[in-house]
1. Search region 122-144 for residues being away from the ligand (no atom under 16 Å from the Cβ) and of a type in the set (A, V, I, L, M), and hand back the single one that is farthest from the chain's Cα centre (by Cα).
2. Find the residue count for region 87-138, including only residues that are assigned by TED's automatic domain parsing to the domain that holds HIS37 and farther than 23 Å from GLU13 by Cα.
3. Just one of the numbered conditions (1) within 10 Å of the ligand (Cβ to nearest atom); (2) more than 18 Å from LYS10 (Cβ to Cβ); (3) not acidic (Asp, Glu) is not true of CYS152; which one?
4. Which condition does CYS119 not pass, out of (1) of a type outside the set (Phe, Trp, Tyr); (2) more than 16 Å from the ligand (Cβ to nearest atom); (3) touching a residue at least 24 places away in the same chain (Cβ under 8 Å), if it passes all the others?
5. Restrict the check to region 90-100 and report whether at least one residue is free of Cβ contacts under 8 Å to residues at least 24 places away in the same chain, within 23 Å of the chain's Cα centre (by Cα), part of a helix (DSSP H, G or I) and within 16 Å of the ligand (Cβ to nearest atom).
6. Which of (1) of a type outside the set (D, E, K, R); (2) more than 11 Å from the ligand (Cβ to nearest atom); (3) in contact (Cβ under 8 Å) with a residue 60 or more places away in the chain; (4) not assigned by TED's automatic domain parsing to the domain that holds LEU22 does ILE158 not meet, given it meets every other one?
7. Is it fair to say VAL70 is under 26 Å from LEU59 (Cβ atoms), in a loop (DSSP other than H, G, I, E, B), of a type in the set (A, V, I, L, M, F, W, C) and within 40 Å of the chain's Cα centre (by Cα)?
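The values are calculated or read from the model by the stated rules, or taken from the named source; none is laboratory data. Since we're looking at a predicted model, the values are computed, not measured. With ideal geometry, Cβ positions are generated from the backbone for all residues, glycine too; neighbour counts draw on all protein chains shown.
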Amino acid sequence: MESTNNRLDKVKEEIRKRLEELNNQENLLKKKAKNAHKKLTKLKMFMKEIEEGVSQVRLREIVKELSINVRVGFPFTTLARFLVMKQLKNQIEEIEYRIKEISEKLKILEEEKKTANICPECKGLGSRTEIRYVREDGFVTPVTIHKECSLCQGKGRIEL
Ligand SMILES: [Zn+2]
């Protein structure tokens, strides 16, 4: 049978790996969120520019930056402006949705990080329940006893 120390080392190693993985995921999501916010700011800026009246040249630049398929040319500038605004609104909606999704994922990760070092042996209880059968006067009585968890020494969590 495996000794408690060996088992503890293995569990600690697993928790460290898990935390590292969670941190990596968190960093990646934070980076994605940052980029999404940057793009959102840019899109809103374009929108403001168009609302305030934009030149044909500038509108063409915006269309190019958004990589959307709208032709900007006289006499269609008004139509082009309308179509670009529509696309902008769509893209903004999409990004706002993505940002919400990312922040929800980050919340879940935060929770997972908090619970990553819960003792796998006692599931955080710090003790284990055992049923012993006591024989007395010819009767067998089950008795529940609580034993301190040997892996976490009753703490319920593994200290790294
Ligand atoms: Zn335990």
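1. Of the residues in region 122-144, the ones away from the ligand (no atom under 16 Å from the Cβ) are 131-144.
Filter once more, keeping what is of a type in the set (A, V, I, L, M): 131, 134, 140, 143.
Values: ILE131: 41, VAL134: 50, VAL140: 52, VAL143: 44 Å.
Per the criteria, the residue is VAL140.
2. 21
3. (2)
4. Only one criterion is unmet by CYS119, namely (2).
5. Within region 90-100, the first condition is being free of Cβ contacts under 8 Å to residues at least 24 places away in the same chain, and the residues that meet it are 90, 93-94, 97, 100.
Now narrow it down to the ones that are within 23 Å of the chain's Cα centre (by Cα): 93-94, 97, 100.
From the residues that got through so far, the ones that are part of a helix (DSSP H, G or I) too are 93-94, 97, 100.
Now narrow it down to the ones that are within 16 Å of the ligand (Cβ to nearest atom): none.
No - not one qualifying residue is present in region 90-100.
6. (2)
7. Numbers: under 26 Å from LEU59 (Cβ atoms): yes; in a loop (DSSP other than H, G, I, E, B): yes; of a type in the set (A, V, I, L, M, F, W, C): yes; within 40 Å of the chain's Cα centre (by Cα): yes.
So VAL70 passes the test.
For (1) among the β-branched types (Val, Ile, Thr); (2) modelled with pLDDT of 95 or more, each residue gets a yes or a no:
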| position | (1), (2) |
| --- | --- |
| LYS38 | no, yes |
| GLU61 | no, no |
| SER67 | no, no |
| GLU93 | no, yes |
| ILE108 | yes, yes |
| ASN117 | no, yes |
| GLU130 | no, no |
| ASP137 | no, no |
